Amino acid sequence: MKIKNSLFIIFCGALFGLAGIQNASAATNIICYSNCSPSYTNVVGVYTLDLQCNAASPTSYTAQLTVNGVAGSVNTKYCACTYTGPVGPWAPACSASGTWNTPSGSNATINNTAAGYTGSVVYSCSNGVYSYVSQSCTALPPTLSTSVSPSSIAYNSSATISWSSANTNSCYGYSAGSAGATWNTGVWNAIATSGSASTGVLSSTTSFYIYCIGKNGTNVFSSPYPMTVTVAAPPYNYTFNSNGGTPSYATKTQTAGTSVTSPGSPTRTGYTFTGWSPALPTTMPVGGGGATAQWAVNNYTVSASAGAGGTISPASRTISYGNTTTFTVTPNAGYTASASGCGG
């Protein structure tokens, strides 16, 4: 009996079809998708293996056909390429890491995962081996975000500078303005690519500069450039000396250019307040200042009168507060002199 052309498919080493049949057809094709070892006895004709891949096929497998006790060569079928681990770096600094499974006869595109770059490398899969096809790797443009807070401060206080960059290799900082600044005063210094720092105590408006160098070699600058911390004018003191009078007045502390008002008019026994010296300014001068109360001594008229039995001269005298004066008392005959009032 003779069988017409037949098709046998082998899955995972199992043989499906007819075996042990004599006088088989002249051409028989056996398809395998994984390891298989089909064997036929008492047959005639041409037997061949057709090694193919499907979704269930391993990365590679082997097949061997035995016909009438004669074993054929061992054939290997590569269905895919598998790679686990790092890839690269490829120029200038791209790299990736992971696991890639690529069907045989197709390409694997591996995208860069290194920070600051974009690109990919392409490999082809053939007979279980990856082969280089092409690559690209481009540095991303650098970015820099900066801030200063607060941007306006009181005299002899500080602010905070903050910056954050991406796709950069290095950053530099510089400040110019206040002698009190402690952040890279007067010289460019390397700083972290991201961070924050105190300006130090500032006594005048100060400018701060930051720039970074990108992985692609270009520079990026702070915005605005420079950053400015505005420092309020310093306060000055203006003192008031009552110069023996009362009350004692508190010192006025104000910034230059602000209005200066009189604290009032002090008083002093025996004196008349005539004003402040130097005259009070209308606004606080740079550097501050002070004034002293001026006094005019009071003059008093002392009048004298004599009773019966004598005379007194002069009839009156003018005297300044705190001073003394004299009068001449002349008793008549038979009288003695005595005085009363104004201290006797």
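The values are calculated or read from the model by the stated rules, or taken from the named source; none is laboratory data. All figures in this text were calculated on a predicted structure; none of them were measured in a lab. Here Cβ is always computed from backbone atoms with ideal geometry, including for glycine, and neighbour counts include all displayed protein chains.
I'm trying to understand the selection: among the residues of the stretch 127-143, which are assigned to a strand (DSSP E or B) and either surrounded by 13 or more Cβ atoms within 10 Å (Cβ to Cβ) or free of Cβ contacts under 8 Å to residues at least 40 places away in the same chain (or both)? Before you say what the answer is, go through the steps one by one.
Going through the stretch 127-143, the residues assigned to a strand (DSSP E or B) turn out to be 129-139, 143.
The answer is TYR130, SER131, TYR132, VAL133, SER134, GLN135, SER136, CYS137, THR138, ALA139, THR143.
In the stretch 260-268 there is at least one residue matching the filter, namely being assigned to a strand (DSSP E or B) and either exposed (fewer than 13 other Cβ atoms within 10 Å of the Cβ) or not β-branched (Val, Ile, Thr) (or both). The conditions of being at pLDDT below 95, surrounded by 13 or more Cβ atoms within 10 Å (Cβ to Cβ) and more than 26 Å from PRO247 (Cβ to Cβ) are met by PRO331.
Only one of the numbered conditions (1) closer than 30 Å to SER151 by Cβ; (2) in contact with a Ser or Thr (Cβ under 8 Å, 6 or more places away or on another chain); (3) surrounded by 15 or more Cβ atoms within 10 Å (Cβ to Cβ) is violated by ALA256, and that is (3). In the stretch 309-336, the residues that are under 14 Å from ASN299 (Cβ atoms) form Cβ pairs under 9 Å with partners that are assigned to a loop (DSSP other than H, G, I, E, B) and of a type in the set (S, T, N, Q), at six or more places apart or across chains, as follows: ARG317/THR325; ARG317/THR326; THR318/THR325; ILE319/THR325; SER320/ASN298; TYR321/THR269; TYR321/ASN298.
Residue-by-condition table, conditions (1) under 27 Å from TYR211 (Cα atoms); (2) outside any strand (DSSP E or B); (3) at pLDDT below 95; (4) polar (S, T, N, Q):
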position: TYR83; (1), (2), (3), (4): no, no, yes, no
position: PRO92; (1), (2), (3), (4): yes, yes, yes, no
position: VAL148; (1), (2), (3), (4): yes, no, no, no
position: TYR155; (1), (2), (3), (4): no, yes, yes, no
position: SER165; (1), (2), (3), (4): yes, no, no, yes
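The rows are residues; the columns are (1) free of Cβ contacts under 8 Å to residues at least 40 places away in the same chain; (2) within 30 Å of LEU140 (Cβ to Cβ).
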{"site": "SER158", "(1), (2)": "no, no"}
{"site": "SER164", "(1), (2)": "yes, yes"}
{"site": "SER170", "(1), (2)": "no, yes"}
{"site": "VAL201", "(1), (2)": "no, no"}
{"site": "THR205", "(1), (2)": "yes, no"}
{"site": "TYR209", "(1), (2)": "yes, yes"}
{"site": "ILE213", "(1), (2)": "no, yes"}
{"site": "VAL220", "(1), (2)": "no, yes"}
{"site": "SER223", "(1), (2)": "no, yes"}
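Taking into account only those residues within the stretch 203-217 that are more than 15 Å from ASN189 (Cβ to Cβ) and not hydroxyl-bearing (Ser, Thr, Tyr), which is surrounded by the fewest Cβ atoms within 10 Å (Cβ to Cβ)?
The qualifying residue surrounded by the fewest Cβ atoms within 10 Å (Cβ to Cβ) is GLY217.
Out of THR292, THR336, one residue alone is farther than 20 Å from PRO235 by Cβ, part of a strand (DSSP E or B), not assigned by TED's automatic domain parsing to the domain that holds TYR155 and not aliphatic (A, V, I, L, M). It is THR292. Inclusion of VAL220 among residues that are in the same structural domain as GLY275 (by TED's automatic domain parsing) and buried (at least 16 other Cβ atoms within 10 Å of the Cβ) is not warranted. Within the stretch 92-111, residues that are assigned by TED's automatic domain parsing to the domain that holds TYR132 have Cβ atoms under 6 Å from residues that are among the basic types (Lys, Arg) in no pair, counting only partners at least 6 apart in sequence or on another chain.
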